[in-house]
Each structure stands twice: as structure tokens, then as C-alpha cells.
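Student: Next up is a structure, given as C-alpha cells.
The values are calculated or read from the model by the stated rules, or taken from the named source; none is laboratory data. Here the structure is a predicted model, which is why all the values come from computation and not from measurement. So basically every Cβ, Gly included, is an ideal-geometry build from the backbone, and we count neighbours across all protein chains shown. All accessible areas refer to the heavy atoms of the entire protein, side chains included, with ligands and DNA or RNA removed. Shrake-Rupley method; radii C 1.70, N 1.55, O 1.52, S 1.80 Å.
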Amino acid sequence: MALMRFTFTEVFHHRAYQLMMLACLLLPWLMLVPMSLFLLDLGKVLADLLFTTEHMMLAGFVFFMALPLMARDIEQKVCHLLLSVPMSRSTYLLSRYLGMAAAMLPLTGLLLLSSAAAFVFVAYQWPDYTTLDLAWGVPLGEMLLLLPYLALLGALFLIVVLASGSSESMVFLFSVWLLSWSVPPVLEALMRPEVAAKMPHGLFVLVQALEYMLPDLSSARLSLDVAHAHWPAPEMLLAYACEHLSYAGIALILAMLRFERRDLA
Amino acid sequence: MLRVEGLGKRYGRRWALRRASFEIRKGEAVGLLGANGAGKSTLIKCLLGLLRPSEGQVHLATEASYLPEQPQLPGALSPLAMLRFKCAARDWPREWAESALQASGLAQAAWERPLRQCSKGMQQRVLIAWTLCGPDSKLMLLDEPMSGLDALGRAEILSLFQQRKDSGSAILMCSHIVPDMVRLCDRVLLISGGLIREEIALSDHSLVEAEMLEERLVRWQ
């Protein structure tokens with residue numbers, strides 16, 4: 001727990017993190033400007049923009065704060081100091097992960113509060129053009145969008161303990177991120193009945209297996225549904241949460257197993 | 001406090017350290033002297049478990065603290081936050097953090113300053129405070145502890161380590177600064193090509209002994 005608090009404090013005192021928090025407060029209000037161009041339905045457009053902002057913020061956090069911090073820990077011997085406290089390598093990784101995951105919450109929370117205020121303002125100013133049910137849609141959507149980034153953070157930990165340095169980690173993490181955005185929609189398209197009918201059975205089974213296995217980190221469909229007030233079934237939401245938390249857990253366990261055996265030269 | 005038996009580390013087919021055996025008792029300071037790449041840091045990292053030894057055993061019967069060679073400290077945090085973390089992680093009194101910083105000689109004005117604003121010498125003192133923080137009697141593993149310190153600072157830190165030694169701590173120090181090593185250590189292990197070649201007892205801690213050590217070091221290279 002001490003290292004988790006230490007990690008959170010370290011991130012919190014980082015200038016870039018403070019700027020990100022400021023951006024989370026201001027962006028929902030700044031987005032009212034481009035949003036005013038779409039006068040047909042302000043609520044949906046605002047929700048779309050907010051989800052995009054959250055994606056940007058969390059991806060920015062993982063790539064530009066969490067990755068350099070973890071890579072520095074291993075490359076620049078900070079983990080030697082921390083491990084000499086002493087603590088086990090698994091405790092070190094888990095505490096670092098939880099600290100960074102906790103640091104994502106204030107970003108999401110601030111974005112949520114600020115966007116709620118912006119939405120109330122919009123609903124008050126232009127009630128005829130606002131249809132989205134803010135009470136649950138946007139807050140829950142924002143919390144759900146956090147889950148893929150917990151999985152990505154888990155992947156980051158696995159990559160950092162396997163890679164030889166920060167550049168290599170960045171390349172691999174970017175590849176994972178890119179693939180997790182681009183491959184699942186392609187697989188989903190291949191699974192459509194009209195496409196599947198023309199596919200050899202073996203290939204279909206393979207595509208189906210891949211579709212089940214690969215995480216969809218983009219959450220694009222979910223964002224779209226929520227932004228348009230179409231609620232996915234509760235069991236779908238549960239499956240979505242379990243999927244991402246499982247990926248985070250699996251990546252973290254693999255990272256711990258590897259890190260236990262790694263020489264820290 | 002520490003017993004090492006036949007410790008070795010191999011990278012592929014190359015042995016970075018081989019058959020290292022020695023013992024360090026309470027209140028004793030031992031120096032590790034060798035050229036770059038001789039295996040000094042490898043030995044210390046094997047003792048701490050940062051490197052998995054390929055052979056041999058380490059018996060550590062006490063608390064150990066470690067000062068790595070020039071790590072990059074978390075720039076956003078203050079020295080006090082770092083030390084308080086160590087105390088919190090071990091359930092030690094928070095005041096030990098302040099005592100260690102005080103003992104390291106770091107000016108109080110710098111205690112709450114972000115580490116990125118601290119000079120190299122100040123950061124080295126923070127690392128020394130990190131090593132000192134904890135119970136009095138323990139094993140201190142120091143990898144180039146005088147790095148970045150001026151002559152006055154080195155003298156101060158040496159006398160601090162001497163005090164710790166007198167109060168029962170054991171020290172294993174590797175350094176390139178032979179006179180510093182001679183002033184503090186009771187014995188020196190000469191290491192070359194991954195092997196401990198000689199164990200030299202120091203008696204009068206004089207410059208003559210320092211010169212003798214340098215000569216032996218050159219001979220083994």
C-alpha cells in the first residue's frame with residue numbers, strides 16, 4: 001500500500017499530470033464551441049466529444065506518463081532502490097499498477113464532473129436540442145471507457161518487463177494499442193452471416209476463436225450506443241467489464257512471473 | 001552479518017563473477033576494489049537478489065540497505081517524501097526520515113524541494129540518507145557512495161559511515177576512490193575478471209596503504 005500511495009503521489013506531482021487534470025476540467029467547456037455547430041442534437045454530440053476526450057486523456061496517460069515512469073524504473077535503477085526497501089518483485093509491480101490505475105480515476109472523475117456541469121448548462125440553455133439522458137448515460141459510459149485502459153496498463157507492465165528499454169516498450173505498446181483498435185472490428189465484419197457464408201468452415205472457426213480472444217480496446221461500439229442512449233443489456237456490460245479486467249489481470253500475472261525471473265542489471 | 005559461499009554469475013558462457021566467498025561481521029567495513037567491469041556491482045546485485053546467482057549461496061542475517069550507483073531519482077518527489085515512503089513501507093517511525101536526512105547533511109531547505117531541482121551532490125546525499133534510514137545495526141551495501149560529492153562532502157560522509165560502523169553496522173563498499181576506501185575499511189577484497197584475487201587487511205588506514213592497494217590493483221589488471 002505504501003508503494004501504491006508513493007506511485008500515486010509521484011504521478012500527481014508530475015507537471016504533465018497536473019496539466020492533464022486542468023485539461024479535463026476545461027475541455028468539456030471548450031467542446032461546447034465545436035458542438036454548437038451541430039444544433040440538431042447537442043447531447044449526443046457532447047457525449048461523443050467527451051468520450052473522445054476521455055480516450056485521448058487515458059491513452060495520453062498510459063503512453064506518456066505510465067510508460068516512461070515504468071521504463072525509467074527499470075532502466076535507471078529506481079526499482080533497485082524500491083526493491084531494496086525490501087519488497088517482493090510482485091508486490092512492487094502490483095503496487096505500481098494499482099497506483100497508476102488510481103491516478104486514472106481523478107482524470108476520469110474531473111472529466112465527468114466538468115462534463116456534467118457543461119451538460120446541465122447545455123440542457124438549461126437549449127432544452128429543445130438536448131435529448132440524451134445525462135443522469136446515467138455519460139457517467140456510466142465514462143466509467144466503462146476506463147476499463148480498456150486498465151487492460152492497456154496491464155499490457156504496458158507486461159511489455160516493460162519483457163522489453164529492453166523505453167523505445168522498445170513504446171513500439172510494442174503502440175502496436176498492441178493499434179491492433180486492439182483495428183483488428184476486432186475487422187473480425188466482427190468477417191463474422192457477419194453474409195461474409196461467413198462464403199468462408200471455409202475451418203477459417204470461420206479460426207476467425208470466431210480470434211474474435212472471442214482478442215480484446216476490443218476501442219470500445220467504439222459501446223461509446224456509440226451510450227452516446228445515442230441505446231443501452232446495452234446488463235449481461236453485455238458485465239461481459240465487457242469482465243473481459244477487460246481479465247486481460248488486465250492476465251497481463252499483470254504474466255508480467256509478475258517474468259519479472260520474478262528477470263535479472264535487474 | 002553476511003556470509004557468501006562460492007557466489008557466481010554467468011551471462012551466457014561468460015562468467016561475470018566466480019567463486020566469491022567472504023564474510024562480513026558486525027561493525028566491520030569491507031571494501032570491494034577493482035577496475036571497471038571487474039564484477040563489483042554484479043557481486044552487490046547478487047547479494048541483494050537483483051541478479052539471480054548462477055552458483056553459490058548468500059546468508060544474510062540482518063536488515064540490508066542499498067545505495068545503487070547513480071540511479072535516476074523520481075524527479076517530481078521531494079527527498080522527504082522518498083524517505084517517508086521507506087519508513088511507511090517498513091512501519092518505521094516517520095521521524096527516522098527526518099533523522100536520516102539530517103544525518104546525511106542535506107540542507108533542510110532542500111528537504112521538500114522536488115528532486116529534479118536538486119544538484120547531483122544533493123541527490124547523492126538523498127541516496128545516502130535513504131541508506132542510513134532504518135535501524136542502527138544493519139548491513140549497508142554501497143555502490144560508489146562518494147560519486148558526485150566534493151572533497152569536504154566525502155570527508156563528512158566517511159565520518160558518518162564510520163559512526164554507523166562504530167554503532168554496529170556492517171558495510172560493504174565498492175568505490176574507485178582508493179584513499180576513501182582505506183580510511184573507512186578494515187579489509188579490502190581485490191576483484192579482477194570476476195574473481196576475488198586477494199583479501200588485504202588494512203591496519204593504519206594511511207596513504208601508504210592506499211598506494212599499496214593501487215599497486216596491487218594495477219598488478220591484477
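Student: Among B:67, B:80, which is modelled with pLDDT of 85 or more and in contact with a Ser or Thr (Cβ under 7 Å, 6 or more places away or on another chain)? It would help to see each step written out before you state the result.
Tutor: Details: B:80 fails: in contact with a Ser or Thr (Cβ under 7 Å, 6 or more places away or on another chain).
B:67 is the lone residue from the list that is modelled with pLDDT of 85 or more and in contact with a Ser or Thr (Cβ under 7 Å, 6 or more places away or on another chain).
Student: Which one of these is more than 22 Å from the chain's Cα centre (by Cα) and either crowded, with 22+ Cβ neighbours inside 10 Å or at the interface with chain A (Cβ under 10 Å from one of its Cβ atoms) (or both): B:64, B:76, B:110, B:89?
Tutor: Values: B:64 fails: more than 22 Å from the chain's Cα centre (by Cα); B:110 fails: either crowded, with 22+ Cβ neighbours inside 10 Å or at the interface with chain A (Cβ under 10 Å from one of its Cβ atoms) (or both); B:89 fails: more than 22 Å from the chain's Cα centre (by Cα).
The unique qualifying residue is B:76.
Student: Given the conditions (1) open to solvent by 60 Å² or more (accessible area, probe 1.4 Å); (2) touching a Leu at 6+ places or on another chain (Cβ under 7 Å); (3) more than 30 Å from residue A:259 (Cβ to Cβ), and given that residue A:181 satisfies all but one, which numbered condition is not satisfied?
Tutor: Here residue A:181 clears every test but (3).
Student: If you don't mind, another one. Among the residues in segment B:133-148, are any at the interface with chain A (Cβ under 9 Å from one of its Cβ atoms) and modelled with pLDDT of 85 or more?
Tutor: Our first condition is that a residue be at the interface with chain A (Cβ under 9 Å from one of its Cβ atoms); within segment B:133-148, this holds for B:141.
Those still in the list that are modelled with pLDDT of 85 or more too: B:141.
Yes, there is a match, as at least one residue in segment B:133-148 is at the interface with chain A (Cβ under 9 Å from one of its Cβ atoms) and modelled with pLDDT of 85 or more.
Student: In this structure, is residue A:206 open to solvent by 80 Å² or more (accessible area, probe 1.4 Å), at pLDDT 80 or above and out of contact with any His (no Cβ under 6 Å at 6 or more places or on another chain)? So that I can check it myself, show each step before the final result.
Tutor: Numbers: open to solvent by 80 Å² or more (accessible area, probe 1.4 Å): yes; at pLDDT 80 or above: yes; out of contact with any His (no Cβ under 6 Å at 6 or more places or on another chain): yes.
Criteria met by residue A:206.
For (1) open to solvent by 10 Å² or more (accessible area, probe 1.4 Å); (2) without any contact (Cβ under 8 Å) to a residue 24 or more places away in the chain; (3) within 30 Å of residue B:96 (Cβ to Cβ); (4) outside any helix (DSSP H, G or I), each residue gets a yes or a no:
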residue	(1), (2), (3), (4)
B:130	no, no, yes, no
B:146	no, no, yes, yes
B:158	no, no, yes, no
B:179	yes, no, no, no
B:183	yes, no, yes, no
B:199	yes, no, no, yes
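Student: Please go through segment B:35-61 and give me each residue that is within 12 Å of another protein chain (Cβ to nearest Cβ), surrounded by fewer than 17 Cβ atoms within 10 Å (Cβ to Cβ) and among the aliphatic types (A, V, I, L, M), ordered by number.
Tutor: B:60 - this is the single residue of segment B:35-61 that is within 12 Å of another protein chain (Cβ to nearest Cβ), surrounded by fewer than 17 Cβ atoms within 10 Å (Cβ to Cβ) and among the aliphatic types (A, V, I, L, M).
Student: Output the residues belonging to segment B:80-132 that are of a type in the set (Phe, Trp, Tyr) and in contact with a Leu (Cβ under 6 Å, 6 or more places away or on another chain). Walk me through it before giving the result.
Tutor: At the first step, the residues of segment B:80-132 found to be of a type in the set (Phe, Trp, Tyr) are B:85, B:92, B:96, B:111, B:130.
Answer for segment B:80-132, where residues must be of a type in the set (Phe, Trp, Tyr) and in contact with a Leu (Cβ under 6 Å, 6 or more places away or on another chain): just B:111.
Student: Here is a check on your reading of the model: is residue B:142 under 20 Å from residue B:33 (Cα atoms) and either in a loop (DSSP other than H, G, I, E, B) or touching a helix residue (DSSP H, G or I) at 6+ places or on another chain (Cβ under 9 Å) (or both)?
Tutor: Working: under 20 Å from residue B:33 (Cα atoms): yes; either in a loop (DSSP other than H, G, I, E, B) or touching a helix residue (DSSP H, G or I) at 6+ places or on another chain (Cβ under 9 Å) (or both): yes.
The answer is yes for residue B:142.
Student: Also: Report the residue count in segment A:13-43 for those that are of a type outside the set (A, V, I, L, M), buried (at least 17 other Cβ atoms within 10 Å of the Cβ) and assigned to a helix (DSSP H, G or I).
Tutor: Total meeting the criteria: 4.
Student: I need every pair where a residue in segment A:71-86 that is over 12 Å from residue B:65 (Cβ atoms) and facing chain B (nearest Cβ under 7 Å) has its Cβ under 9 Å from the Cβ of a residue that is acidic (Asp, Glu) and surrounded by fewer than 20 Cβ atoms within 10 Å (Cβ to Cβ), sequence separation at least 6 or different chains.
Tutor: Listed pairs, sorted by first residue: A:77/B:69.
Student: If you check every pair at least six apart or on different chains, which have Cβ atoms under 6 Å apart with a residue in segment B:202-221 that is under 18 Å from residue B:158 (Cβ atoms) first and a residue that is of a type in the set (Asp, Glu) and open to solvent by less than 100 Å² (accessible area, probe 1.4 Å) second?
Tutor: Going by the 6 Å Cβ cut-off, the qualifying pairs are B:202/B:209.
Student: Assess whether residue A:61 counts as being open to solvent by less than 40 Å² (accessible area, probe 1.4 Å) and within 20 Å of the chain's Cα centre (by Cα).
Tutor: On the way: open to solvent by less than 40 Å² (accessible area, probe 1.4 Å): yes; within 20 Å of the chain's Cα centre (by Cα): yes.
Answer is yes for this residue.
Student: Does at least one position in segment A:32-43 carry a residue that is away from chain B (no Cβ under 14 Å), closer than 30 Å to residue A:93 by Cβ and small (Gly, Ala, Ser)? Please lay out each step first, then the result.
Tutor: Of the residues in segment A:32-43, the ones away from chain B (no Cβ under 14 Å) are A:32-43.
Then drop every residue that is not closer than 30 Å to residue A:93 by Cβ, which leaves none.
Among the residues of segment A:32-43, not one is away from chain B (no Cβ under 14 Å), closer than 30 Å to residue A:93 by Cβ and small (Gly, Ala, Ser), which makes the answer no.
Student: (1) modelled with pLDDT of 85 or more; (2) more than 15 Å from the chain's Cα centre (by Cα): which one isn't true of residue B:202, the others all being true?
Tutor: That leaves (1) as the condition not met.
Student: Related question: Would you pick out the residues in segment B:113-128 that are open to solvent by 20 Å² or more (accessible area, probe 1.4 Å) and in a loop (DSSP other than H, G, I, E, B)?
Tutor: Hits for segment B:113-128 are B:113, B:114, B:119.
Student: Against the conditions (1) in a loop (DSSP other than H, G, I, E, B); (2) touching a residue at least 60 places away in the same chain (Cβ under 8 Å); (3) surrounded by fewer than 23 Cβ atoms within 10 Å (Cβ to Cβ), where does residue B:165 fall short? Just the number, please.
Tutor: Here residue B:165 meets the rest and fails (1).
Student: Now for a different question. Would you point out which residue out of A:145, A:140, A:98 is open to solvent by less than 40 Å² (accessible area, probe 1.4 Å) and either not β-branched (Val, Ile, Thr) or not in a helix (DSSP H, G or I) (or both)? Quick ask: steps written out before the conclusion?
Tutor: Values: A:140 fails: open to solvent by less than 40 Å² (accessible area, probe 1.4 Å); A:98 fails: open to solvent by less than 40 Å² (accessible area, probe 1.4 Å).
Being open to solvent by less than 40 Å² (accessible area, probe 1.4 Å) and either not β-branched (Val, Ile, Thr) or not in a helix (DSSP H, G or I) (or both) holds for just one of A:145, A:140, A:98, which is A:145.
Student: How many residues does segment A:212-258 hold that are open to solvent by 90 Å² or more (accessible area, probe 1.4 Å), modelled with pLDDT under 75 and of a type in the set (A, V, I, L, M, F, W, C)?
Tutor: 3
Student: On to the next question. With the requirement that a residue be over 22 Å from residue A:81 (Cα atoms), at pLDDT 90 or above and in a strand (DSSP E or B), what does segment B:25-56 give you?
Tutor: Selection gives B:55, B:56.
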